[in-house]
Amino acid sequence: RADAPRTAVIVAGDHGESLGAHGEPTHGMLLFEAALRVPLLVRAPGVAPATRTDPASLVDVAPTMLALAGVASGSSPGRSLLVPPDADVETYVESDYPTVAGWTPARALVRDRWKLVVSSGSTLFDLSADPQEETDAGASHPAIARAMHARLAEIRRPAAGTPAAPTLPADASATLRS
């Protein structure tokens, strides 16, 4: 096609599959790397082939597309993956899906080699030393665990001036739940 030299293609998976890792047969309930790591491929004119190992998120796709189009992303979340990785990049992950089984929602924060997972308890993983996420490093690195807990709480705190979520009348809420 004539427009092929100007065409950018981005391919991303929306989730991995645990395939039994950590006792989870599929995905969605737990926030282990087996379910979180997905392919993210960018092919575009002028972009040299490269492999990156820094964490990225699906929220980085839109700013990357805008950068490819030469448009500033403004204050949108995420970052362009066309620029070199920033050492301070962090990735926030959440799943409310565990609530369907009566479990606590799960939240995670990944920064550098560290990953904090918070649900009914909390676990700190050193992804460099423990890529299979088998050992809680929180006791041996309490300062990192505290700092990541504080940052996670900051991320979860509503911004000043954010309106409260609207409440539904009880009958409408019951109808939606049914």
Please find, among 110, 93, the residue that is modelled with pLDDT of 90 or more and not in a loop (DSSP other than H, G, I, E, B). 110
Return the pairs, sorted by first residue and then second, in which the second residue is among the aromatic types (Phe, Trp, Tyr) and modelled with pLDDT under 80, the first residue lies in the stretch 29-52 and is assigned to a loop (DSSP other than H, G, I, E, B), the beta carbons are less than 7 Å apart, and the residues are 6+ apart or on different chains. 29/97
Farther than 12 Å from residue 9 by Cα, hydrophobic (A, V, I, L, M, F, W, C) and without any contact (Cβ under 8 Å) to a residue 24 or more places away in the chain: which single residue out of 56, 62 fits that description? 62
Residue within the stretch 56-69 that is under 27 Å from residue 124 (Cα atoms), part of a loop (DSSP other than H, G, I, E, B) and open to solvent by less than 40 Å² (accessible area, probe 1.4 Å) present: yes
In the stretch 88-134, what residues are open to solvent by 50 Å² or more (accessible area, probe 1.4 Å) and on the phi > 0 side of the Ramachandran plot? 102, 112
All-but-one check, residue 140 against (1) open to solvent by less than 60 Å² (accessible area, probe 1.4 Å); (2) out of contact with any strand residue (DSSP E or B) (no Cβ under 7 Å at 6 or more places or on another chain), failing number (1)
One residue from 91, 135 being under 15 Å from residue 31 (Cβ atoms) and touching a strand residue (DSSP E or B) at 6+ places or on another chain (Cβ under 9 Å): 91
Regarding the stretch 152-171, can at least one residue be identified that is within 18 Å of the chain's Cα centre (by Cα), without any contact (Cβ under 8 Å) to a residue 60 or more places away in the chain and crowded, with 16+ Cβ neighbours inside 10 Å? no
In the stretch 29-47, how many are at pLDDT below 80 and touching a Pro at 6+ places or on another chain (Cβ under 9 Å)? 3
Quickly run through the stretch 43-55 and pick out the residues that are surrounded by 12 or more Cβ atoms within 10 Å (Cβ to Cβ) and closer than 17 Å to residue 86 by Cβ. 54, 55
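The values are calculated or read from the model by the stated rules, or taken from the named source; none is laboratory data. In this text, all values refer to a predicted model and were calculated from it rather than measured experimentally. Neighbour counts run over all protein chains shown; Cβ positions are idealised from the backbone, glycine included. These accessible areas exclude ligands, DNA and RNA; they are computed on the full protein's heavy atoms, side chains included. Shrake-Rupley method; radii C 1.70, N 1.55, O 1.52, S 1.80 Å.
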